[in-house]
1. Is it the case, given these coordinates, that Asp202 is farther than 24 Å from Val161 by Cα, at pLDDT below 70 and surrounded by 15 or more Cβ atoms within 10 Å (Cβ to Cβ)?
2. Given the residues Lys166, Lys136, Lys122, which is the only one that is surrounded by fewer than 18 Cβ atoms within 10 Å (Cβ to Cβ), under 30 Å from Ala227 (Cα atoms) and not hydroxyl-bearing (Ser, Thr, Tyr)?
3. Can you name every one of the strands (runs of 3 or more DSSP E) wholly within segment 1-62 that holds 3 or more residues which are open to solvent by less than 50 Å² (accessible area, probe 1.4 Å) and of a type in the set (Ser, Thr, Tyr)?
4. Residues to consider are Gly268, Gly246, Gly251, Gly260; find the one that is modelled with pLDDT of 90 or more and at positive phi.
5. What single numbered condition from (1) buried (at least 16 other Cβ atoms within 10 Å of the Cβ); (2) touching a Pro at 6+ places or on another chain (Cβ under 6 Å) fails to hold for Ala155?
6. Filter segment 288-302 down to the residues that are open to solvent by 20 Å² or more (accessible area, probe 1.4 Å) and within 14 Å of Ile225 (Cα to Cα) and list them by number.
7. Do any residues in segment 34-52 that are at positive phi have Cβ atoms under 6 Å from those of residues that are basic (Lys, Arg) and not in a strand (DSSP E or B), where the two are at least six apart or on different chains, and which pairs are they?
8. Which condition from (1) assigned to a loop (DSSP other than H, G, I, E, B); (2) closer than 30 Å to Leu197 by Cα; (3) among the polar types (S, T, N, Q) is the one that Gln102 breaks?
Amino acid sequence: LVPGRQITADRVTVRADKTGLSISGPGKIGKVPFDATYRQGFAPDQHGKSSVEGSVTLSQAAAEEFGLGLPTGMVSGQGRGQVLMSLVRGEPGELTLTSDLQGIGLTIPEIGWTKPAGSRGKLSVSVRMSKPPRVKDLSLSAAGLSVQGTVDMRASGGLDVARFDKVTLDDWLNASLAIRGQGQGVALEVTGGSVDLRRMPDARSRKVSRRASTPMKITLDRLQISAGIALTGFHGTISQTGGANGDFSAGVNGQGAVRGTIAPSPNGTAVRLQSHDAGTVLAASGLFASARGGGMDLTLVPQAGTGIYDGKVRITAVRVRNANVLAELLNAISVVGILEQLNGEGLVFNNAEADFLLTPKALQIKRGSAIGASLGVSMAGVYQSASDQLTMHGVVSAIYLLNGIGAILTRRGEGLFGFNYELRGKASDPQVSVNPLSILTPGMFREIFRAPAPVLKGQGTGG
């Protein structure tokens with residue numbers, strides 16, 4: 001009945017009468033236990049037709065017996081599956097298997113998913129018993145995971161490729177994928193869909209593989225990083241050996257192109273993004289729309305807690321044009337020439353950098369600076385993305401090329417002489433205030449009179 005597998009039984013019950021024949025009892029198919037009944041009807045319309053109906057034991061051993069290619073340890077415990085096989089002479093048999101998965105534990109530790117043996121689920125499999133067999137439809141629903149697809153087996157036995165057009169997990173994964181058999185293991189390829197890193201289980205609930213693994217090819221329509229930042233058109237090759245690591249390319253919210261690297265860190269996966277067009281990337285991410293060109297190098301390192309990152313960014317040779325807040329600052333300190341540059345060809349900042357803390361609802365700039373020949377600016381404070389409110393302060397130093405001679409005595413981005421400023425209110429239209437008397441306080445004494453920068457609650461004092 002099943003190519004390559006013997007059906008054995010110590011004792012069966014055979015019944016026959018004018019209507020048909022039945023053979024029933026417990027036995028094994030290969031090494032897998034079953035309890036089933038074979039029926040052959042004798043009516044003219046049943047000629048060449050028969051069926052098998054019963055139950056079979058589902059376990060890791062059963063998956064290995066039939067060469068399904070599942071990773072060792074994915075299945076624990078055992079449960080029962082209901083089987084119906086329709087047989088027609090000269091045609092491949094059709095098999096249907098269903099189970100509530102009671103007693104069966106399932107786990108995919110790399111993504112933090114586990115179905116306890118004591119919980120129920122739903123498994124439905126439709127198989128054409130050709131040579132080789134083909135799973136025409138497989139659907140699984142359990143513990144927040146939903147999978148639907150098809151499976152092709154190799155003529156020599158074992159998994160060829162399983163294609164799943166719809167895979168969802170809780171509220172963070174909605175993708176399509178393929179699993180390809182590779183001897184003793186499998187290769188996983190994500191072929192489309194979306195992933196939301198904000199809702200993905202943290203590293204403590206995911207297993208780090210210490211064994212060499214086949215790099216995983218990933219193609220995603222969207223990889224959500226934070227509320228306003230997503231990587232689109234994502235293409236990468238990621239390995240799970242020692243933790244997720246690899247390289248990728250993508251766009252930011254469908255625009256600025258970036259290339260990136262991910263690597264394992266104590267609290268999850270760290271990300272490094274680089275771009276040759278910092279202005280487009282910053283505008284696409286909604287962080288700053290007035291930058292043009294420039295190179296960018298951004299690093300995000302996850303911290304304890306979901307969606308919390310320590311970050312560093314450096315931008316070089318960027319031009320800033322028509323920046324409203326910066327224009328108000330320059331207007332407040334009456335620097336007409338530089339203001340005209342800003343509204344014309346733009347101000348060039350040779351170097352801009354920041355240390356920051358990113359959470360799902362806010363951004364804290366611990367220390368930020370932008371330096372150019374005409375202007376130097378420092379900044380620290382908090383932007384609440386959920387409410388679009390910000391509280392920032394720093395120092396703006398005009399004619400930085402000359403004023404910056406004494407900058408060794410001050411913070412980065414601040415000249416020897418500068419104006420203290422503060423931004424409050426809606427980020428789209430903040431209130432700008434400047435202390436004109438602060439120009440009288442040289443940079444070396446500025447720390448004495450500087451108020452502490454705003455910080456996120458529970459995140460320390462900042463810098």
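The values are calculated or read from the model by the stated rules, or taken from the named source; none is laboratory data. All of these numbers come straight from a predicted model, not from anything done at the bench. Positions of Cβ are generated from backbone atoms using ideal geometry, with glycine treated the same way; all protein chains shown enter the neighbour counts. Accessible surface is based on the protein model in full, side chains and every heavy atom, while ligands, DNA and RNA are left aside. Shrake-Rupley method; radii C 1.70, N 1.55, O 1.52, S 1.80 Å.
1. yes
2. Of the residues listed, the single one that is surrounded by fewer than 18 Cβ atoms within 10 Å (Cβ to Cβ), under 30 Å from Ala227 (Cα atoms) and not hydroxyl-bearing (Ser, Thr, Tyr) is Lys166.
3. Per the criteria, 49-59.
4. Sole residue among the options that is modelled with pLDDT of 90 or more and at positive phi: Gly246.
5. Ala155 satisfies all of (1) buried (at least 16 other Cβ atoms within 10 Å of the Cβ); (2) touching a Pro at 6+ places or on another chain (Cβ under 6 Å) except (1).
6. Leu298, Thr299, Val301
7. From residues that are at positive phi, the pairs are Gly48/Arg89.
8. All conditions are met except number (2).
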